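The values are calculated or read from the model by the stated rules, or taken from the named source; none is laboratory data. Given the structure is predicted, the values throughout are model-derived calculations rather than measurements. Glycine gets a Cβ as well: all are built from the backbone with ideal geometry, and neighbour counts include every protein chain shown. Side chains are part of the model used for accessible areas, which takes the heavy atoms of the whole protein and leaves out ligands, DNA and RNA. Shrake-Rupley method; radii C 1.70, N 1.55, O 1.52, S 1.80 Å.
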Amino acid sequence: MVVRKAAAADLPFIIDAYRLAFAFDEARTRRYVEMTGLDCFRVLESDGQPAAVWAVISCGHWFGGRVVPAANIAHVAIQPEFRGSGLAAGILDLSCEDARKGGALLASLFASTRPVYRRSGFNLAGHEMIYEAETSEFYKIRQDIRCRRVSLGEARAVLEPIYRRACRPQSGLLDRHDAHWNARLDETASIPSVFVFGEDAAYLVIDTSDENVLDVRDWAALNGAAARQILKFIGTFSTVYRKVRWHGAPQDALIFAMPDKGWSLVHQEEFLLRVLEPAAALAARGYACDDGELTLAIEGAERQVLHLALRDGTAHCTADGDGGPVLTIEEAQFPSLFSGFRPVSFLQRAGHADGTAEAVALADRIFAGPPPWVAEHF
């Protein structure tokens with residue numbers, strides 16, 4: 001197998017592969033490649049024939065107020081004649097090595113089928129959730145609206161600082177690549193409208209192309225008043241759009257700001273994570289617990305013993321030295337622990353972690369935080 005960066009001459013192959021794998025038409029594939037950047041795509045050749053294509057998108061994930069360098073592995077398309085030959089596992093390993101060389105400490109993806117990804121070291125790490133609500137409910141909200149319109153040309157420069165501030169108290173959200181911003185602000189199929197609220201306390205990107213549902217492509221709110229402004233503003237569209245749909249968190253700020261019922265969860269899926277460099281990734285993320293020492297034994301094909309020391313919220317992680325109680329965890333479950341998707345106490349009850357009561361309680365405190373989620377599908 002040979003893996004190389006995609007070139008312009010590969011575009012017909014990519015179009016064909018995505019047609020057969022995802023039912024993308026040519027225009028959609030061309031848009032996706034343009035928004036993502038051709039340099040992000042990789043082509044795998046088997047016996048000299050192009051067999052698969054996918055994207056490796058440099059980004060980061062926010063944990064505990066800090067960004068851990070990462071890469072999204074996106075839209076893996078294997079040609080039908082090469083499926084079932086074991087290429088998927090090789091693609092994942094090659095992609096992770098590619099990401100590691102680019103400085104990533106984590107690799108993340110959405111899986112169409114989970115067993116092959118789990119065998120390659122990925123596991124559940126956070127949620128993608130889509131909510132839908134009745135816009136008529138929002139007229140009940142008592143909140144003044146102060147907003148301004150932002151042109152698409154200046155949108156990213158205005159929105160990105162707000163987005164980053166909104167990410168700091170959250171877990172899992174992406175430190176976005178150009179590809180993610182391009183998708184939020186894409187005007188090829190329909191032109192989005194961008195609004196900023198208050199003193200840059202919130203923003204809203206809406207797509208009005210579906211006459212049945214007002215689609216929120218992107219949003220962020222730094223406080224409750226800002227979330228209520230967004231809802232009240234959406235309520236002004238209720239005579240045209242009966243429903244509104246948005247990506248949100250398990251502890252969603254817009255749901256919390258709603259005055260009553262009238263909302264539903266219409267989609268939920270989990271993204272998967274593989275920790276490429278455990279010691280470096282543990283040192284890179286932030287923590288809710290300011291101080292503590294834990295020895296972490298990760299049991300896999302090769303046993304890793306790491307010493308994690310937190311001082312004033314700063315982490316140091318080394319493969320030598322010891323200190324603090326010892327927690328043992330299966331390597332397969334380490335991504336879920338790292339992201340905070342599963343607390344150690346849960347993993348212990350499920351038989352995937354072991355340690356004294358002191359070790360389990362300390363690990364629960366160290367990896368505590370809001371439920372991890374992402375605001376896009378990659």
Exercise for the section: Report the full-extension gain for the segment N212 to E154: residue separation times 0.36 nm, less the Cα-Cα distance, to one decimal in nm. Expected result: 18.0 nm
Exercise for the section: Specify which labelled value, from (1) -0.42, -0.62, -1.05; (2) -0.23, -0.42, -1.37; (3) -0.25, -0.45, -1.23, agrees with log10 I(q)/I(0) by the Debye sum over Cα atoms at q = 0.06, 0.08, 0.14 Å⁻¹ derived from the coordinates of the model shown. Expected result: (3)
Practice task
Go through the range 98-104 residue by residue and turn each phi into a ³J(HN,Hα) via Karplus (6.51, -1.76, 1.60, θ = phi - 60°); whole Hz please, and just put x for glycine and proline.
Solution key: 4, 5, 4, 5, x, x, 6
Fill in the blank from the handout: Expressed as a whole-number percentage, the relative contact order of the range 1-154 with C-alpha contacts under 8 angstrom and at least six residues apart is 17
Fill in the blank from the handout: Once amide hydrogens are built 1.01 Å from N within the peptide plane, the residues lying 5 or more places from R217 or on another chain with amide H under 5 Å from its amide H are V205, I206, D207
Problem - Whole-angstrom gap from the range 324-355 to the range 1-31, using each part's C-alpha centre - result: 39
Completion exercise
Rounded to the nearest Å, the spacing of the alpha-carbon centers of the range 275-316 and the range 71-130 is 24
Practice task
Using Cα positions and a limit of under 17 Å, work out the lysines in reach of K140, with same-chain residues fewer than 8 apart set aside.
Solution key: K232, K243, K261
Practice task
List every residue whose amide H lies under 5 Å from the amide H of E270, counting only residues 5 or more places away in sequence or on a different chain, with H placed 1.01 Å from N in the peptide plane.
Solution key: E128
Handout entry: Backbone N within the range 67-84 under 15 Å of label point (7 Å from D47 Cα along the Cβ vector)
Key = 79-84
Exercise for the section: Could you go through the range 232-249 in sequence order and give the Karplus-derived ³J(HN,Hα) for each residue, using 6.51 cos²θ - 1.76 cosθ + 1.60 with θ = phi - 60°, rounded to whole Hz, and x for Gly and Pro? Expected result: 4, 5, 4, x, 5, 9, 5, 6, 10, 10, 6, 10, 10, 10, 8, 6, x, 8
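Among all stretches of the chain without exposed GluC sites (Glu not before Pro) (DSSP loop, at most 11 other Cβ atoms within 10 Å), which one is longest? Write down the numbers at each step before the final one.
Working: sites that count: E187, E199, E211, E302.
Answer - 1-186.
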Fill in the blank from the handout: Percent antiparallel among DSSP beta bridges confined to the range 242-342, nearest 5, equals 70
Problem - the range 220-278: trypsin sites (Lys or Arg not before Pro) in DSSP coil with no more than 12 other Cβ atoms inside 10 Å - result: K261
Completion exercise
Non-local residues with an amide H under 5 Å from the amide H of S171, with H modelled 1.01 Å from N and Pro and chain starts lacking one, are W373
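Would you work out what percent of the accessible area of the chain, with all protein chains in place, is carbon or sulfur (probe 1.4 Å)? Don't jump to the answer; show the numbers that get you there.
Working: 8070 of 16580 Å².
Here it works out to 49 percent.
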Completion exercise
Subtracting the Cα-Cα distance of V3 and L20 from 0.36 nm times their residue separation yields 4.1 nm
Handout entry: Counting DSSP beta bridges with both ends in the chain, the antiparallel % (nearest 5)
Key = 85
Fill in the blank from the handout: Computed ³J(HN,Hα) along the range 2-12: with the Karplus parameters 6.51/-1.76/1.60, θ = phi - 60°, integer Hz and x for glycine or proline, the list is 10, 10, 9, 5, 5, 10, 4, 5, 7, 4, x
Completion exercise
Computed over the Cα atoms of the range 96-180, the Rg and Dmax in Å are 18.7, 52
Handout entry: Solvent-accessible area per residue, Å², over the chain with all protein chains present [probe radius 1.4 Å]
Key = 44
Exercise for the section: Find the relative contact order for the chain and round it to a whole percent, using C-alpha pairs within less than 8 Å whose residues are 6+ positions apart. Expected result: 19
